[in-house]
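Asker: Sending over a structure as C-alpha cells; questions will come in a sec.
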Amino acid sequence: MDAFIISIGEELLIGQTINTNAAWMAAQLNTAGIEVKEIRVITDRHEEILDTLKAAADRADLVLITGGLGPTRDDVTRDVLCTFFDAELVMNRQVLDDITVFFKQRGRTITDINRNQAMVPDKARIIRNPYGTAPGFWFTQAGKSFIAMPGVPYEMKEMVSKHVLPALLEKEREKYIVHKSVLTHGIGESYLVDLIGDWENNLPEEIQLAYLPSVGIVKLRLSAKGKNEERLREIIDREVEALKRIIPEYIWGFDSDTLEGVVGSLLRERGKTVCTAESCTGGYIAHRITSIPGSSAYFSGSIVAYGNQIKTGLLHIPQDLLESFGAVSKETAENMAESVLKLMNSDYAVGVTGIAGPDGGSEEKPVGTTWIAVSSQNKTFSHKYQFGDNRERNIIRASNAALAMLRELINES
C-alpha cells in the first residue's frame, strides 16, 4: 500500500506554522509498512484541493488529509470532499452530541457555527473527535481510502493512533519497511563517503543508504523493504556490525539516541557525576544534560563563566594565565574544566571557551575558534575547533563536540 499526504493551510505555505503533522504521519505509516509516495502542502482553495485529490487518487491507495475542517469560512475541505465524492451534507446526531458535550464540559454554550460542524458528508464514515469539534471523515472509492482529519496535531494524532492505523493493520501487510540510523560525530559527510565507500558499494540490493547531515552530526540511515521483516532486520544488523568495525571512533549512537542521553546513560550506569564550566555556550551544554529526565542523579551543576571576572573570581583561573594565553585558549579551557571539577567534587567536567560570533574575532583567533576540555580525577584533554561564523550553529557544534569528548573520556575510564 502506498500513501499520499495532503496538508492544507495557508499558514503552512507562508512559514507561519511548521508542518509537523506530515512528518509524524509519515513515520507512523512507515512503521506500518506503508510507503509514502508524496507529501503535498497546498492552500485552502477549492480548486487546489480538488486538483490535489485527483492527483493523489492516481498515485496512491491511501490518502491522508489534514486541515480545513474548522468552522470558519476559510475552512473549505469538507465542501471540496463533498464535490469530489458527489456527497451531500447531513446532520449527524452523534457528532452533534459530541460537540455539545465538548462545549458543556468547558462551561460554554454551543454556537450555530459549531453546530454546523455536525453536518457531515453522507458517503463518509465518521471518526469521532474527543479533543475538538471537527470530526474526521473516511471515504472509500475504487478500493482507495481517503481520510480527512483536523489540522490540530493532538486531534489528528488521536484519530490516527486510535482509529486509522488499527483499521489499516487489520489488513494483511504487503510489505515491511525497516530503518536503522547510525549516528556519527567528528567527521564530515564527504570524508565519511571516502571512508565507507567500499562498504557502501557492497551493500545488499535490499538496502538503501542515505547520508543525513545536520549541525556537527551525520546520520547514516539504512532502509530495507520486503515481505520478511525478520530477514530485513538481520541483513541491516549485519551491515551495521560491519560498519562499526570500519568507523568505530565516529559512531556514538543509533536511531533516536541523543548525545546527552547517551552520556547520561553512561554516567548513571557507572554511578558517576558531571559538571560544566561554560563561556561561549552560555550554559547550553548544561541545558542539554538536564533535558534528560533523572539527570539530577548525575549532574552536579554548572558555572557560566562568560566574563573574565567570573573565570578568575569563581573558577580561580589565574589572571596572568588569561593575560598570557587569552580567554580562548587551551590553557584556559583546561583550567576551567579542572577548576569546576574540584569546586563541585564531580567525577567528570567540561570546560568550554570560544568566540561564538558574529563579532569578537581576530586574525589569530577568528570567529568560531573554540577550545573544549574534558577532565576526570586523573586525566584532562582538550581540542581546538574552528566551527565557522554563525553564532547559533557554533553553540550547537560546541555542545555536540563537548558531549562527544565527554563520552569518549567516560568510556576510557
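Laboratory data are not the source of any read-out in this text; all were calculated from the coordinates shown. Everything numeric in this text was worked out from a predicted model, so none of it was measured. Cβ sites come from the backbone with ideal geometry, for glycine too, and all protein chains shown count toward neighbours.
Asker: List the trypsin sites (Lys or Arg not before Pro) within region 73-128 that fall in a DSSP loop (any state other than H, G, I, E or B) and whose Cβ has at most 12 other Cβ atoms within 10 Å. Spell out each step's value before the answer.
Answerer: Working: sites: Arg73, Arg78, Arg93, Lys104, Arg106, Arg108, Arg115, Lys123, Arg125, Arg128; in loops: Arg73, Arg106, Arg108, Lys123, Arg128.
In loop regions of region 73-128 (DSSP not H, G, I, E or B), the sparsely surrounded trypsin sites (Lys or Arg not before Pro) are Arg73, Arg106, Arg108.
Asker: Given H placed on each backbone N at 1.01 Å, which residues far from Gly33 in sequence or on other chains put an amide H within less than 5 Å of it?
Answerer: Placed amide hydrogens put Ile177 under 5 Å from Gly33.
Asker: When each pair of different Cα atoms in region 168-233 is counted once in the 1/r mean, what is the Kirkwood radius in angstroms, to one decimal? Walk me through the numbers before you get to the answer.
Answerer: Numbers: mean 1/r = 0.0743 Å⁻¹.
For region 168-233, the Kirkwood estimate is 13.5 Å.
Asker: If you don't mind, there's one more thing I want to ask. Given N residues in region 122-164, what is its alpha carbon radius of gyration divided by 2.2 N^0.38 Å? Let's see the in-between values first.
Answerer: Numbers: Rg = 10.3 Å, N = 43, 2.2 N^0.38 = 9.2 Å.
Here the answer is 1.12, to two decimals.
Asker: Work the Kirkwood hydrodynamic radius out for region 332-413: mean of 1/r over every pair of different alpha-carbon atoms, inverted, in Å.
Answerer: Values: mean 1/r = 0.0775 Å⁻¹.
For region 332-413, inverting the mean 1/r across all distinct Cα pairs yields 12.9 Å.
Asker: Each label point is 7 Å from the Cα along the Cα-to-Cβ direction; what then is the distance between the points at Gln16 and Glu323, in nm?
Answerer: Reported label-point gap for Gln16 and Glu323 is 5.9 nm.
Asker: At what distance in angstrom do the alpha carbon centres of region 229-304 and region 94-119 lie from each other?
Answerer: 48
Asker: Another question, then. For Asn201, project a label point 7 Å along Cα to C-beta. Then give me every residue of region 247-281 with its amide nitrogen under 18 Å of that point.
Answerer: 247
Asker: When you take every Cα atom in region 174-332, what is the radius of gyration, and what is Dmax, the widest Cα pair distance, in Å?
Answerer: Final numbers for Rg and Dmax: 21.1, 71 Å.
Asker: Here is a further query. What is the angle, in °, between the Cα long axis of helix 46-59 and the longest principal axis of the Cα atoms in the chain? Nearest 10 is fine, range 0 to 90.
Answerer: 80
Asker: Say we join alpha carbon atoms closer than 10 Å with springs in a Gaussian network model of the chain; which of Gly357, Gly15, Gly67 then has the biggest fluctuation?
Answerer: Gly15
Asker: In degrees, nearest 10, range 0 to 90: what is the angle between the Cα axis of helix 93-105 and the longest Cα principal axis of the chain?
Answerer: So the helix axis and the longest Cα principal axis differ by about 40 degrees.
Asker: Per the Debye formula with a single identical scatterer at each Cα and no solvent contribution, what log10 I(q)/I(0) holds for region 259-412 at q = 0.14, 0.15, 0.18, 0.19 Å⁻¹?
Answerer: Values returned for q = 0.14, 0.15, 0.18, 0.19 Å⁻¹ are -0.59, -0.68, -0.98, -1.09.
Asker: List the residues whose amide H sits under 5 Å from the amide H of Gln141, counting only those 5 or more places along or on another chain, with H placed 1.01 Å from N in the peptide plane.
Answerer: Sorted by chain and number, the residues that satisfy this are Phe146.
Asker: Moving to a separate point now. In a Gaussian network model over the chain where Cα atoms closer than 10 Å are linked, find which of Ile18, Ile39, Ile126 has the largest mean-square fluctuation.
Answerer: Ile18
Asker: Let me ask another. Helix 391-412 against the longest principal axis of the chain: what's the angle in degrees, Cα atoms only, rounded to the nearest 10?
Answerer: Value to nearest ten degrees: 70.
Asker: To continue, here is another question. Rank Ser346, Gly33, Ala327 by how far each Cα sits towards the positive end of the charge dipole of the chain (+1 on Lys, Arg Cβ; -1 on Asp, Glu Cβ) and give me just the farthest.
Answerer: Ser346
Asker: Taking GluC sites (Glu not before Pro) as candidate sites, keep only those in a DSSP loop with at most 13 other Cβ atoms within 10 Å, then name the longest stretch of the chain containing none of them. Spell out each step's value before the answer.
Answerer: Numbers: sites that count: Glu88, Glu170, Glu172, Glu174, Glu205, Glu249, Glu363, Glu364.
The answer is 250-362.
Asker: Could you check how many percent of all C-alpha pairs in the chain are farther apart than 31 Å? Each step should come with its number before you reach the end.
Answerer: Values: 47382 of 85078 pairs.
Tail of P(r) above 31 Å: 56 percent of Cα pairs.
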